[in-house]
Amino acid sequence: MVNTMLRGTTAVVGVSDTPWYKRGTSGEPALKLALRAIVSAAEDAGIDPSEIDGFVSYGSERNDGQRMMPALGTKELRFGALVWTHGGGIPGALGLAALAIVTGQADVVAVYRAMSEYRGRRLRVDVAQDDTSPQHLVNGLDSPAQLCALRSMRLIEAEGVPARTLRDMALASYHHAKRNPRAIGRDTELDAETYEESRWVSEPYHLFDCSRENDAGSAVILVSADRAKDLRQKPAYLLGAPMGAAAGWGLREESGNPYWSAGFQGVADRLWADTGYGPGDVDVAQIYENMTGMGVSALIEHGFCTPASAGEFVTFDNLIAPNGGLPINTSGGNLAEGFIHGMSLVGEAVRQIRGTSTNQVPGATLSLMTGGPGDPVVSTALLADAAAL
Amino acid sequence: MEYEFHAHRITGGIGADDRFWESLEEGEFRLPRCADCKRWMWPAHFRCGQCGSWEQLWEPVEMSGRIYSWTRAHYAFDRTKERAEDVPYVVVVAELPGADGARVVGALAGPDSGVRCGVEVRGHIDPPSTKSKGYPAVRWSVVD
Ligand SMILES: [Zn+2]
């Protein structure tokens, strides 16, 4: 049964990213980048930044609303929260913002993420939050790239998903980046040969399978569906944004089943149940790919394909706009647009509903955004045009 | 007994596996089981979610199993710089039938050409070293 309290009762009405900088080169601390993104997302919506009364983020975000309110002229801060744990929390942050709005806790909520190595920690360390288990560190496993590599290796060797699917996800992202003037990877000519010849990071991942952190800020503004109607932009209605972990998941280190999972067991099913739609209805998807292989797992768990049919579904031609069966990561995604803990994927999911993506899927009415895969808790969201309400 | 890893404590994770590392320093490979319902509880936790018991038994387990998954690391990241000279090195997740399929991580010892999911491995215990960040460690090697 659809969730009538949350389905279509709020909308994203403002989006903005700061420019993308190579890590450490923005010359601005993360808090300032967060402010820039929030202010310009509010301007995009046609809302004065002082009206923002809710602040929601996720992961290791430290630029909380209370620290920014003097600069925003905040009239009253009424709601603020951080969603666990890492990038898995993004769509859940949208869901939490929606909960705050529909229950009257806040009227205008900013969901955002900002990172900068300028006067900040190494972003890689910041994102990992020092919570890597000794079971991993003692044995030479540090980076999410390595931990995700273990899952994708199993997907390939035990489930028989072709390694080529990882490559095609990367090719699709870089292909889309070429048309996005803001993308960090817009000038990278990636073809199959360049991919195969690129160095390994952690097998089965090549360099081009892995996202790399950037200095940037990214924000979106949510309001009630009623208020959204009167604003400047075409609303992207939030249909659902469940978060969670199935029984036997959570902090299972290497013992979760299925091992190749990106964590969406049950969560994706709830998305379809809450929204009344299914994978076959989705027009375009932003698939958080910290690493390509985890994006493949996310596609499988959302029901777009099975391990057995992944080889047919996850092909370059099928993943690109405008005519692929499921265009993904149409801004270039985490890999090729830039990585700010996945947050910019929300903005691109919204632009597809507005019709303003640089790789627009014609007539897109249902736009999916899946959260950071492989996180012990994940979330996923479906955004829609008014026609799909 | 004084345990070396205590002086090098890694604060990540939930910290329910001290007995695992202590056992390794004692030269034994032990995994936790619920003291009441006898379920294997790995990764270690503080309470059995099945029966509610707060007690665990740390039982010796045969260091023998199959590769459940693996990766060949070609880059030593910040917190594992100690292994920079080993690059590329293989890390294995071994599935152990002696503990109901518990999966235990360890670096691979010896040649890595036969590494593949499903391949049989046997483990041994390395004493604390810089490479393993002052902790003892399990190393897996492929059984010919
Ligand atoms: Zn029990």
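What follows is calculated from the coordinates using simple rules that are stated; it is not laboratory data. The model shown is predicted, which means the values in this text are computed figures rather than measured ones. With ideal geometry, Cβ positions are generated from the backbone for all residues, glycine too; neighbour counts draw on all protein chains shown.
Let's see how each residue does on (1) surrounded by fewer than 20 Cβ atoms within 10 Å (Cβ to Cβ); (2) polar (S, T, N, Q); (3) more than 10 Å from chain A (Cβ to nearest Cβ):
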position: B:A94; (1), (2), (3): no, no, no
position: B:P97; (1), (2), (3): yes, no, yes
position: B:R103; (1), (2), (3): no, no, no
position: B:G118; (1), (2), (3): yes, no, no
position: B:T130; (1), (2), (3): yes, yes, yes
position: B:Y135; (1), (2), (3): no, no, no
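Could you give me the residue pairs with C-beta distances under 8 Å whose first residue belongs to segment B:84-99 and is under 11 Å from B:H74 (Cβ atoms), whose second residue is in a helix (DSSP H, G or I) and not aromatic (F, W, Y) wherever it lies, and which are 6+ apart or on separate chains?
B:Y89/B:R83
One line per residue, one yes/no per condition, for (1) among the hydroxyl-bearing types (S, T, Y); (2) in contact with a Ser or Thr (Cβ under 6 Å, 6 or more places away or on another chain); (3) at negative phi; (4) more than 8 Å from every other protein chain (Cβ to nearest Cβ):
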position	(1), (2), (3), (4)
A:A114	no, no, yes, yes
A:R119	no, no, no, yes
A:S143	yes, no, yes, no
A:I156	no, no, yes, yes
A:P162	no, no, yes, yes
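Kindly indicate the residue of segment B:21-40 that is in contact with a Phe, Trp or Tyr (Cβ under 7 Å, 6 or more places away or on another chain) and not in a strand (DSSP E or B) and also farthest from the ligand (Cβ to nearest atom) among those meeting that condition. Steps first, answer last, please.
Applying the first criterion (in contact with a Phe, Trp or Tyr (Cβ under 7 Å, 6 or more places away or on another chain)) to segment B:21-40 yields B:21-23, B:25, B:30-33.
Narrowing the set further to residues that are not in a strand (DSSP E or B) leaves B:21-23, B:25.
Working: B:W21: 23, B:E22: 22, B:S23: 20, B:E25: 27 Å.
Ranking the candidates gives B:E25 first.
I'm checking my understanding of the structure. Among residues of segment B:40-60 that are touching a residue at least 24 places away in the same chain (Cβ under 8 Å) and closer than 29 Å to A:D375 by Cα, which one is nearest to the other protein chains (Cβ to nearest Cβ)? Walk me through how you get there before you give the answer.
In the first step, residues of segment B:40-60 are kept if they are touching a residue at least 24 places away in the same chain (Cβ under 8 Å); the result is B:40, B:42-46, B:56-60.
Right, trim to closer than 29 Å to A:D375 by Cα and you get B:40, B:42-46, B:56, B:58.
Numbers: B:W40: 10, B:W42: 6, B:P43: 4, B:A44: 9, B:H45: 8, B:F46: 12, B:Q56: 16, B:W58: 15 Å.
Filtering first and then ranking leaves B:P43.
Residues that are crowded, with 24+ Cβ neighbours inside 10 Å and more than 21 Å from the chain's Cα centre (by Cα), at least 3 per element: which helices (runs of 4 or more DSSP H) completely within segment A:116-224 meet that? Give the derivation first.
On the way: elements: A:123-128, A:134-137, A:144-157, A:164-177, A:192-197.
Counting at least 3 such residues, we get A:144-157.
Any chance you could count how many residues in segment A:314-351 are in a helix (DSSP H, G or I), polar (S, T, N, Q) and farther than 30 Å from A:G24 by Cα? Explain how you work it out, then say what you get.
So in segment A:314-351, the residues in a helix (DSSP H, G or I) come out as A:316-319, A:333-336, A:344-351.
Okay, now just the ones that are also polar (S, T, N, Q), so A:318, A:334, A:344.
Retained after the next criterion (residues that are farther than 30 Å from A:G24 by Cα): A:318.
Result for segment A:314-351: 1.
Going by the structure shown, is A:H302 out of contact with any Gly (no Cβ under 7 Å at 6 or more places or on another chain) and not acidic (D, E)?
Details: out of contact with any Gly (no Cβ under 7 Å at 6 or more places or on another chain): yes; not acidic (D, E): yes.
Judged against the criteria, A:H302 is a match.
Which numbered condition in (1) surrounded by fewer than 20 Cβ atoms within 10 Å (Cβ to Cβ); (2) under 20 Å from A:C148 (Cα atoms); (3) not hydroxyl-bearing (S, T, Y) is the only one that A:A262 fails?
With (1) surrounded by fewer than 20 Cβ atoms within 10 Å (Cβ to Cβ); (2) under 20 Å from A:C148 (Cα atoms); (3) not hydroxyl-bearing (S, T, Y) applied to A:A262, the lone miss is (1).
What number of residues within segment B:1-12 satisfy the criterion of being without any contact (Cβ under 8 Å) to a residue 12 or more places away in the chain and assigned to a loop (DSSP other than H, G, I, E, B)?
Going through segment B:1-12 one residue at a time, the tally reaches 4.
Which of the residues belonging to segment B:41-74 are away from the ligand (no atom under 16 Å from the Cβ), surrounded by 19 or more Cβ atoms within 10 Å (Cβ to Cβ) and either part of a loop (DSSP other than H, G, I, E, B) or of a type in the set (F, W, Y) (or both)?
B:V61, B:M63, B:Y68, B:W70
Kindly indicate the residue of segment A:332-360 that is out of contact with any helix residue (DSSP H, G or I) (no Cβ under 6 Å at 6 or more places or on another chain) and surrounded by fewer than 24 Cβ atoms within 10 Å (Cβ to Cβ) and also nearest to A:G280 (Cα to Cα) among those meeting that condition.
A:Q360
Could you count how many residues in segment B:68-82 are within 7 Å of another protein chain (Cβ to nearest Cβ) and out of contact with any strand residue (DSSP E or B) (no Cβ under 6 Å at 6 or more places or on another chain)?
Number of matching residues: 4.
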